[in-house]
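The values are calculated or read from the model by the stated rules, or taken from the named source; none is laboratory data. What you see is a predicted model; the values in this text were computed from it and never measured. Don't worry about glycine lacking a Cβ; one is built from the backbone with ideal geometry, like all the others, and counts go over all protein chains shown. In case anyone asks, the SASA skips ligands and DNA or RNA and just uses the protein heavy atoms, side chains included. Shrake-Rupley method; radii C 1.70, N 1.55, O 1.52, S 1.80 Å.
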Amino acid sequence: ALGGQLQATTIGYEITKRAGGDAKTAAWQVGIASLVQGVPVMLLVLPAGQLADLLDRRRIALCGLAASVPLSLFLAYSSFIQAPLQQLYWCLFIIAFCNALMRPAQSALLPQLVESRDLANAVTWNSTRWQIASVAGPALLGPILFWLKKPAYVYAMEAFFLFLFWLCLLFTRPRPQEHSKEPLSLEAINAGVKFVFGTRLMLATLTLDLFAVLLGGAIALLPVYTEHILQVDETKLGWLRAAPALGAVVMALTLAYFPPMRHPGRALLWAVTGFGAATVVFGFSKIYWLSFVALALTGAFDNISVVVRHTLVQVLTPDAMRGRVSAVNSLFISASNELGGFESGAVARFFGPVFSVVSGGIGTIVTVWISAWKWPELMRLGRLDEIQPEELPPTKKL
């Protein structure tokens, strides 16, 4: 996670520096980078989900990591020789291809590592682990680029961290998984999609998060903001990139300390509303510290959504289908993050980055109103640790 955050921040920084021109041109190039990383996930993640149910999930993740290490080294080489941006885009596309194949398996491993009674807390700590890396990675970017000078060295560091992850996973011994008995087929692949769309609570939380991040994702345009609007150096870019994770860590530790939320559905709706409002503040801000606070608030509010969404996905899903449902979850996440970055870049290309971010934040708030009307059961959702899969009709049918 640490290496991934370093690489993600550096990609936007390097493309913004090399794109030249005005803020609109740079935003468009950054948006293309988001798109090429999102397309492989959307194409492959559903069949990869069934593979995660048919085959050993740990081995799938190990194979994906083994392929990602040399690919990250090639990305470092391409950056070092100042290859055309198109070559960097192709590198990102193939790396995303490997991630798409292993992401459902990696996500579905979690319930095999902890007891079911500890799952909600484990999801919170797993989110905290991610957010800590999301703080440390971007925060280290400024000093790293100051001393090493070239972004290529950051990509080489990512390859090293991926290798360390591969070693750690090699010695992990999860509990045996319940393999799906369905052969690899289009019908079996679609079973995960049918399950999600038939489980209203899960569909509600995934859809709400999808449109909130798709419309309100300001992170993709951070390099453009720091270069053309806030006019600060790469060290402050790193801290702005770390701000959402910093807010998320504080929120995650708070959630882990207190008992499970009594009304998680209501908390989710309010949190996404706060996410949209903080995004609007960031979009208008031309003051560095105000932008930092606004981004930290987006991370804090988003973490509530992450805990509720991921816990529901794990709790409501039978083990034999966790890979496919995790794949659908990954599809929603990828569509919101990568396509959100492309959407932000495309809107900024014609109307400017400020309009792109502010309109997205407003769209996020509108999404909350629509979701509360469409899925009123969100308001009635009880404690997460008391939800049982057998209480849901879609689960019984499957």
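Between residue 263 and residue 160, with labels modelled 7 Å along Cα→Cβ, what's the label distance in nm to one decimal, could you check?
5.0 nm
Per 5 Å bin, what percent of the C-alpha pairs of the range 309-367 does each bin hold, from zero upward?
Using 5 Å bins, I get a P(r) of 4, 17, 18, 16, 13, 11, 10, 7, 3, 1 for the range 309-367.
Write down the accessible area per residue of the range 55-117 in Å², having rolled a 1.4 Å probe over the full set of protein chains. Please report the intermediate quantities before stating the final value.
Values: 3020 Å² over 63 residues.
Value returned for the range 55-117: 48 Å² of accessible area per residue.
Quick one: if the Förster radius is 41 Å, what FRET efficiency do residue 63 and residue 286 give, using the C-beta to C-beta distance and rounding to 0.05?
On the way: r = 47 Å, r/R0 = 1.15.
It comes out at approximately 0.30.
Just to confirm my numbers, what's the Cα centroid distance between the range 312-372 and the range 79-112 in Å?
Their Cα centres are 19 Å away from one another.
Please compute the volume of the convex hull spanned by the alpha-carbon atoms of the chain and report it per residue in Å³. Mind dumping the intermediate values first?
On the way: hull volume 49.5 nm³, N = 398.
Measuring per residue, one finds 124 Å³ for the Cα hull of the chain.
Size of the range 1-89 along its principal axes in angstrom, Cα-based, largest extent first?
Its Cα atoms span 49, 24, 22 Å along the three principal axes.
In degrees, nearest 10, range 0 to 90: what is the angle between the Cα axis of helix 57-80 and the longest Cα principal axis of the chain?
Once rounded, one gets 10 degrees.
Can you figure out the FRET efficiency of residue 231 with residue 93, using R₀ = 45 Å and their beta-carbon distance, to the nearest 0.05?
Working: r = 32 Å, r/R0 = 0.71.
Plugging the Cβ-Cβ distance into 1/(1 + (r/R0)^6) gives 0.90.
For the chain, modelled as a Gaussian network with Cα springs under 10 Å, which listed residue fluctuates most, 237, 170, 246?
Answer for the Gaussian network model of the chain: 170.
Calculate the FRET efficiency for residue 172 and residue 254 from the Cβ-Cβ distance with a Förster distance of 22 Å, rounded to the nearest 0.05. Can you show the working numbers first?
Numbers: r = 29 Å, r/R0 = 1.31.
The formula returns an efficiency of 0.15 here.
State the percentage of accessible surface on the chain attributable to carbon and sulfur atoms; use a 1.4 Å probe and exclude ligands, DNA and RNA. Mind showing how you got there, number by number?
Details: 11860 of 17430 Å².
Roughly 68 percent of what the probe reaches on the chain is carbon or sulfur.
Take residue 351 and residue 118, extend 7 Å from each Cα along the Cα→Cβ direction, and tell me the distance between the two endpoints in nm.
4.8 nm
So what is the relative contact order for the chain, in percent, with contacts set as C-alpha pairs under 8 Å and at least six apart? Intermediate values should be presented prior to the final figure.
Values: 698 pairs, mean separation 118.7, N = 398.
Worked out over the chain, it gives 30 percent.
Using a basic spin-label model with each label point 7 Å from the Cα along Cα→Cβ, how many nm lie between residue 149 and residue 194?
Here the modelled spin labels are 6.1 nm apart.
What ranking do 263-271, 372-380, 96-104, 158-166 get when scored by the average of other Cβ atoms within 10 Å per residue, highest first? Let's see the in-between values first.
On the way: 263-271: 20.7, 372-380: 13.9, 96-104: 24.1, 158-166: 18.8.
So the peptides 263-271, 372-380, 96-104, 158-166, ranked by packing, come out 96-104, 263-271, 158-166, 372-380.
Could you give P(r) for the range 206-286, binned at 5 Å from zero, as whole percent values over all Cα-Cα pairs?
Calculated P(r), rounded to whole percents: 3, 12, 19, 23, 19, 13, 7, 4, 1.
State log₁₀ I(q)/I(0) for the range 32-79 at q = 0.15, 0.23, 0.31 Å⁻¹ as given by the Debye formula over alpha-carbon point scatterers of equal weight, solvent excluded.
One equal scatterer on each Cα of the range 32-79 leads to -0.54, -0.97, -1.05.
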